[in-house]
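K.L.:
I'd like to ask you about the structure that follows.
The values are calculated or read from the model by the stated rules, or taken from the named source; none is laboratory data. Keep in mind the model is a prediction, meaning the values are calculated, not measured. Using ideal geometry, Cβ is built from the backbone for each residue, glycine included, and neighbour counts are taken over all protein chains shown. Remember, those area values only see protein heavy atoms, side chains included, never the ligands or the DNA or RNA. Shrake-Rupley method; radii C 1.70, N 1.55, O 1.52, S 1.80 Å.
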Amino acid sequence: MLCPLCLSESKFAFEAKGFPVRDCVKCGHRFAEIAADEAHVARVYDDAYFSGGGAGYSDYLADAEMLAARGRMYAAKLGKFAPEKGKMLDVGAAAGFILKGFVDSGWRGAGLEPNERIARAGREKLGLDLRAGSLESFATDEKFDLVSMIQVAAHFYAPRTAFRKAAELLNDDGLLLVETWNRESLSARFFGQNWHEYSPPSVLQWFSAKGLTEFLKEFGFERVGGGRPSKKISGAHAKSLLKYRLGDNFLLKLIPDRFNFPYPSEDLFWALFRKRAI
Ligand SMILES: [Zn+2]
């Protein structure tokens with residue numbers, strides 16, 4: 001199977017949850033060997049992903065305020081790169097809470113979400129422009145000043161198509177914000193094959209900050225900023241993740257659902273890219 005980023009040969013690395021995980025021999029990108037298509041997106045991101053625990057969200061709607069705070073945090077970080085703000089597209093917007101954080105900070109825009117039911121809930125509850133669909137198949141003549149992908153890129157089944165589309169959707173000098181798992185983080189190295197993010201089929205792509213920057217040059221993106229985000233997750237979400245990892249354990253009952261834990265964001269990175277004319 002060819003590397004989904006640079007189209008070079010790849011080699012088998014290990015198996016995770018029954019799926020082969022492969023490494024590109026040229027760029028080092030790591031990915032799951034899954035013949036993914038639109039049906040896959042619809043299947044993995046069905047309602048259970050957002051409310052059934054497992055590798056998804058235990059109760060996505062309960063995390064509303066935390067996600068809005070995340071949007072505001074990134075809007076603040078982007079201030080010096082886009083003082084005028086402008087029009088944005090949040091990819092994988094779910095019910096729109098992160099987008100809401102941006103909108104509250106002065107951005108205008110829309111969100112794109114594969115799950116129609118979740119997108120509708122966000123439209124009705126928050127009055128946001130949330131559209132059902134995936135980036136790979138998004139057809140529009142609109143242009144944006146910012147495309148954001150918060151914890152989305154790891155799920156792309158066709159990353160080349162997705163990032164090419166992001167470049168097409170942006171005005172010249174527009175910004176692309178990506179937050180995703182860091183394959184080269186300390187915890188990823190420490191846990192090896194047992195790292196919690198090796199969880200196909202919902203996660204398909206494992207990037208490194210450097211690898212993403214190199215890959216995006218092809219589409220005219222120049223890295224202008226980045227770092228490690230701080231993050232908090234609810235007790236319910238933490239328990240869901242731990243249960244997925246460890247199975248039922250009586251200690252998990254001791255974690256209160258409504259308590260917000262600082263999450264080891266050491267294994268996440270964010271990066272901001274500016275689109276240059278190519
Ligand atoms: Zn590659």
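K.L.:
Among the residues of segment 207-221, is any more than 16 Å from the ligand (Cβ to nearest atom) and either among the basic types (Lys, Arg) or within 14 Å of the chain's Cα centre (by Cα) (or both)?
P.N.:
no
K.L.:
Follow-up. Regarding Phe156, is this residue touching a Ser or Thr at 6+ places or on another chain (Cβ under 9 Å) and surrounded by 23 or more Cβ atoms within 10 Å (Cβ to Cβ)?
P.N.:
Taking the combined requirement at face value, the residue satisfies it.
K.L.:
Still on this model: Do you know which residues across segment 202-244 are in a helix (DSSP H, G or I) and not hydrophobic (A, V, I, L, M, F, W, C)?
P.N.:
Of everything in segment 202-244, those that are in a helix (DSSP H, G or I) and not hydrophobic (A, V, I, L, M, F, W, C) turn out to be Lys210, Gly211, Thr213, Glu214, Lys217, Gly235, His237, Lys239, Ser240, Lys243, Tyr244.
K.L.:
In addition: Could you please find all residues in segment 52-80 being of a type outside the set (Asp, Glu), at pLDDT below 90, assigned to a loop (DSSP other than H, G, I, E, B) and open to solvent by 30 Å² or more (accessible area, probe 1.4 Å)?
P.N.:
Passing the criteria: Gly52, Ala55, Tyr57.
K.L.:
Is it the case that segment 167-184 has a residue that's among the aliphatic types (A, V, I, L, M) and open to solvent by 20 Å² or more (accessible area, probe 1.4 Å)?
P.N.:
For segment 167-184, residues among the aliphatic types (A, V, I, L, M) and open to solvent by 20 Å² or more (accessible area, probe 1.4 Å): absent.
K.L.:
Could you tell me whether Ala153 is under 24 Å from Gln205 (Cβ atoms) and either in contact with a helix residue (DSSP H, G or I) (Cβ under 9 Å, 6 or more places away or on another chain) or modelled with pLDDT of 90 or more (or both)?
P.N.:
yes
K.L.:
How many residues, within segment 81-101, are open to solvent by 50 Å² or more (accessible area, probe 1.4 Å) and part of a loop (DSSP other than H, G, I, E, B)?
P.N.:
Residues meeting the conditions: 3.
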